Amino acid sequence: MKKIAIIILSIVFVACSQQGEKSGKKKPREVKKYSIGQFYENVNIYGGSFSPDETKLLVTSNETGIYNAFALPVDGSASTQLTKSTEESVFGISYFPEDERILYSSDKGGNEISHIYMLDAEYNVTELTPAENAKTGFMGWTRDKKGFFFGSNERDPKFFDLYEMDIANFKSKLIYQNNEGLDVGAISKDKNFLSLTKSITTNNNDMYIYNVSTGETKHISEHEGDASYSPQFFDLAGEHLYFLTNEGAEFQYLMSYKLETGEKKKVWETKWNIWYAYNSYNEKYRVMGVNEDARTAIYLFDLESGQQIDLPQFEDGGVTSVSISKSEKLMRMTVGSSTSPNNIYIYNFETKELKRLTNTLNPEINPDDLVAGKVVRFKSFDGTEIPAVYYEPLIASPNAKVPALVWVHGGPGGQSRLSYFALIQYLVNHGYAILAVNNRGSSGYGKTFFKMDDRNHGEGDLKDCIAGKDFLASTAVIDTDKIGIIGGSYGGYMVMAALTFAPEEFDVGVNIFGVTNWLRTLKSIPPYWESFREALYAEMGDPTTADSVRLYNISPVFHAQNVTKPLMVLQGANDPRVLQVESDEIVAAVKANNVAVEYVLFDDEGHGFRKKENEIKGYGQVKDFLDKYLKGK
């Protein structure tokens, strides 16, 4: 299972699928410099639920400066803004099955207490899950089109129960009462079976089948050693559950489980993790997303023939996700790369026509001035091979060396991947090389690598980041006297660990929403993480036991007297994962050392940025800080 502990959802770190050339072999050149405002004139757009008549897609876009829901016609004409929020981000969920009402979710100021709302044809909004402190999540439409499923912790703040809401009267009924900290996965089309999982550790879980009619729960994942199980879907006939597992293997593969007999069968595997799998509405196609060396590869199969279907090819990126319409005639394709924000296309299976629906890159930016990430690998202190993503400024050469940043993703257990992130391109455009390190414990490289950081945070993973400096030196284009470290959430923790436990290794640090006190963070996790708490403690340590000694020792706030290098901290006041007090304390402690500290606090953000104006302000100040304390060192 994926580690979800302290991850920044709004920041996706970037990778590329090709081994890069040695940096000194290319010819350096000058490029036009763009402002932070120009980079954030790009549009971030995602989603793509088809309307009932399949003439439109429901997408989420931040083109207004904050996320709102839009209707995007499949004929390529202009989109229509559906929600008009100016304060809170709105995330489109789906059109209704038989009309053009929509569902969307929203929280308050990034507090992650999401509720489900309905917008009707007259733009009237109805809050469908209004319980004040209850977190809710959409879990799919019923096959009969009369309702939808959602999870809610209204009854017990620690656990999510499963409900079905009738869209004729918007009354909900309890389908599964969760008293044991299980997580609901797939739901059978006849609503009689649920798949459930139980976290043991971040590397190990169990899977069950729950019979709604009888109330019987059956354990179906007896195994030895570490294995993860991730239910994906029940087939239309209600005969099989399809699930992902890495039982007996390094990487996840697709399995089927026959409900009547308990027979398990391997369906499909590759040499990388399968992230997700699903069948189209009437089971004409099967879609599988694979994490291939930090990029997403989509595999599409015709289920009748068993043949793989070739997807259209794109010069400016790869297909990162698809959605197939109920008629199975149209396919929404999301296409992106490290130099291009995601764009949406429509593909017609019958006519083979491909139509581009969006242009998300600011037309003021020349794509040739941007830098594609390159997957590289280097050896760490103990010989472990560490994957990473390298961005080298186009101006860099042995005669024009540039400063560099080691970038650390969120997590623990995240991954730097192939997608567009404006901050990275902004910094590289202004002459900073970036090495996004997938240190031990990162996902995507097998379960052995994934668990290498367990009870080892701030130690082996930090040494991997430090070893990245050797790779940077090997390029011959980096000014090795000007190397900093930057990261968000868990990556922010790694920044502070570097500055406290290896204070002479990096010249500056930029901590974005980062953990500095593991004792407090692990004791103050949101109540709705209860089902994951024991697994998190198994990896990190239990702050209520003797593990507290180690957690104290790896928490930077208790060792801040060691910090000697300039520090910048960004923090959201509504962050439920890394509380503001953590950043307040580390800033005060480092200031006491007479070390330069810059602190940027956002009153209207949570764990990660959702508003463009805050991204422009915060990330613009990051470059100013680096220009002063790293480039200008």
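Bear in mind that the values in this text are calculations on the coordinates, not laboratory data. What you are looking at is a predicted structure, and each value in this text was computed from that prediction instead of being measured. Cβ atoms come from the backbone with ideal geometry, glycine included; neighbour counts cover every protein chain shown.
Odds and ends about this structure:
- Volume in Å³ per residue [convex hull over Cα atoms, computed for the range 209-254]: 82 Å³
- Rounded FRET efficiency, nearest 0.05, which uses the C-beta distance separating residue 545 from residue 596 and R0 of 41 Å: 0.60
- Per residue Cα convex hull volume in Å³ - calculated over the range 368-521: 102 Å³
- The spread of Cα positions in the chain, taken along each principal axis and listed from longest to shortest, comes to 66, 58, 46 Å.
- Helix runs (DSSP H) in the chain reaching 18 Å along axis by Cα, Kyte-Doolittle at least -1.0: 460-474
- For the range 43-180, the residue among 136, 176, 148 whose Cα projects farthest onto the positive side of the dipole built from Cβ charges is 176.
- Dipole magnitude of the range 43-180 about its Cα centre (Cβ charges: Lys, Arg +1; Asp, Glu -1), debye to nearest 20: 200 debye
- Under the simplified labelling scheme, the residue 448-residue 222 pair shows an inter-label distance of 2.8 nm, with each label point 7 Å from Cα along Cα→Cβ.
- Tail fraction, Cα-Cα pairs, the range 287-347, threshold 14 Å, whole percent: 58 percent
- Computing FRET efficiency as 1/(1 + (r/R0)^6) for residue 155 and residue 127, where r is the C-beta to C-beta distance and R0 is 25 Å, gives about 0.85.
- Pairs beyond 31 Å (Cα-Cα), from 379/523; 56/158; 258/326; 401/451: 379/523; 56/158; 401/451
- Computed over the chain, the per-residue total of -39500 (n - 2.57) for DSSP H runs of n ≥ 4 gives a 222 nm mean residue ellipticity of -4500 deg cm²/dmol, rounded to 500.
- Expressed per residue, the C-alpha convex hull volume of the range 546-620 stands at 95 Å³.
- Computed E for residue 627/residue 523 - FRET, C-beta separation, R0 41 angstrom, nearest 0.05: 0.60
- All alpha carbon pair distances within the range 43-180 were sorted into 10 Å bins beginning at 0; the resulting P(r) in whole percents reads 12, 42, 34, 12, 1.
- Multiplying the residue separation of residue 177 and residue 146 by 0.36 nm and removing their Cα-Cα distance gives an extension gain of 9.0 nm.
- Estimated inter-spin distance, residue 64 and residue 81, nm [label 7 Å along Cα→Cβ]: 0.5 nm
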